[in-house]
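**Q** Take this structure first; my questions come after.
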Amino acid sequence: MGLDRVKRGRGPIVVKTIGGTVFMVLTSSIYSMMKIQKRSLDASAGVLNPTDQILMSKHLLEASLMGISHPLALPLNEGKKVRQHKLN
């Protein structure tokens, strides 16, 4: 009972911190993809070398997974708020 009271109220801070971290990593991934794309346009008429292709696919996969999971996590947090409101 006492531990529950100590932990109460920290959930929103954790959710905001994790959401901000995911957003920053997503932004970094998109920025890296833009740098790779720009490098390919500058160097050799838009053709990516094999290393850049692998890096681009890795960043694209990261960005798409984070971009999809971020909005899906928001209703979970809202549902928790509703449940807590009903209990009080």
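**Q** May I ask you to list the residues in region 22-67 that are surrounded by 11 or more Cβ atoms within 10 Å (Cβ to Cβ), β-branched (Val, Ile, Thr) and out of contact with any Asp or Glu (no Cβ under 8 Å at 6 or more places or on another chain)?
**A** 22, 27, 30, 54
**Q** Does residue 80 qualify as being surrounded by 13 or more Cβ atoms within 10 Å (Cβ to Cβ), at pLDDT below 70 and among the basic types (Lys, Arg)?
**A** So residue 80 passes the test.
**Q** Return the pairs, sorted by first residue and then second, in which the second residue is modelled with pLDDT of 90 or more and assigned to a helix (DSSP H, G or I), the first residue lies in region 30-42 and is over 21 Å from residue 64 (Cα atoms), the beta carbons are less than 9 Å apart, and the residues are 6+ apart or on different chains.
**A** The qualifying pairs are 40/56.
**Q** Tell me which residues, restricted to region 1-38, are at pLDDT 85 or above and more than 30 Å from residue 72 (Cβ to Cβ).
**A** 38
The values are calculated or read from the model by the stated rules, or taken from the named source; none is laboratory data. No experiment lies behind these values; they were computed from the predicted model shown. So basically every Cβ, Gly included, is an ideal-geometry build from the backbone, and we count neighbours across all protein chains shown.
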